[in-house]
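Chemist: Quick one: the structure is below, and I'll ask about it shortly.
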Amino acid sequence: MIDSQQFRNGMALLGGAVSVITTDGEAGRFGFTASAVCSVTDNPPTLLVCMNRSSYANAHFKANRVLCVNVLTGAHQGLSGDFANRDMTSDERFSSHGWSTLETGAPALDEALVNFDCRISDIHEIGSHTVFYCQIADIRLSGTDHGLVYFNRAYHCLGQTQQHVAKG
């Protein structure tokens, strides 16, 4: 049987893009930092986002039924920390950067690598987490190619260093 610490140690070696997941609506404006985001299907375009059920914002995301996955650039390590800090208020988290909205009204970070603006189409509870299945309503790409990943319990910046030319 695998214990939870062994599982966490193994998962620390599975690098993931760092995103700030945001929502807004009748339940209010909230956000959290996540690396548990992945593609489900491209038809219809759908993402999966995992959130701890004990999060202060969990009920707000469920009530609003919209979210934006704001994939962070290498320059956003501090913002990632702000949205992971339980001692900061929601207003404090959103105060340090520019935000706009796309189709759903969820906050979209103006400087994000990419914004995936989504409607939550399904929700499942499993163990300690809520899994949101999110149909993408809009996408905004930036001009940068430097992303932020979390690997082995530390942040790392990634960037395209060489153009690959397709031969054919």
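Rule-based calculations on the coordinates, nothing more; no lab input. Predicted model, so just to flag it, every value in this text is computed and none were measured. Here the Cβ positions follow ideal geometry from the backbone for every residue, glycine too, while neighbour counts run over all protein chains shown.
Chemist: Report ³J(HN,Hα) in whole Hz for each residue of region 13-26, in order, from the Karplus equation J = 6.51 cos²θ - 1.76 cosθ + 1.60 where θ = phi - 60°; Gly and Pro get x.
Modeler: 9, 9, x, x, 4, 9, 10, 9, 9, 10, 8, 7, x, 4
Chemist: Of all the Cα-Cα pairs you can form in region 55-135, what percent are over 14 Å apart?
Modeler: Details: 2157 of 3240 pairs.
Across region 55-135, Cα pairs with separations above 14 Å total 67 percent.
Chemist: Amide H neighbours of H146 under 5 Å, at least 5 residues apart or on other chains, H built in the peptide plane: list them.
Modeler: Those qualifying (amide H under 5 Å, at least 5 residues apart or on another chain) are G74.
Chemist: I need to check one value: relative contact order of region 91-152, counting alpha carbon pairs closer than 8 Å and at least 6 residues apart, in percent. Intermediate results must be reported in sequence, preceding the final value.
Modeler: Values: 83 pairs, mean separation 17.2, N = 62.
Normalised by residue count, the contact order of region 91-152 is 28 percent.
Chemist: When the Karplus curve 6.51 cos²θ - 1.76 cosθ + 1.60 is applied with θ = phi - 60°, which whole-Hz ³J(HN,Hα) does each residue of region 82-89 get, with x for Gly and Pro?
Modeler: With the stated coefficients, region 82-89 comes to 4, 6, 9, 7, 5, 8, 8, 7 Hz.
Chemist: Oh, and also: How many percent of the alpha carbon pairs in region 1-158 exceed a separation of 23 Å? Mind dumping the intermediate values first?
Modeler: Working: 4141 of 12403 pairs.
Every Cα pair in region 1-158 considered, those over 23 Å come to 33 percent.
Chemist: Counting only C-alpha contacts under 8 Å and six or more residues apart, can you give the relative contact order of the chain as a whole percent? The partial results should precede the final answer.
Modeler: Working: 350 pairs, mean separation 44.1, N = 168.
RCO, the chain: 26 percent.
Chemist: Please work through the chain and write down the cysteines that have no neighbouring cysteine Cβ at a distance under 4.7 Å.
Modeler: Isolated Cys, the chain: C38, C50, C68, C157.
Chemist: While we're looking at this one, here's another question. Ordered by residue, what ³J(HN,Hα) values in Hz, to whole numbers, does region 93-98 give under the Karplus form 6.51 cos²θ - 1.76 cosθ + 1.60, where θ = phi - 60° and Gly and Pro are x?
Modeler: 4, 7, 7, 8, 9, x
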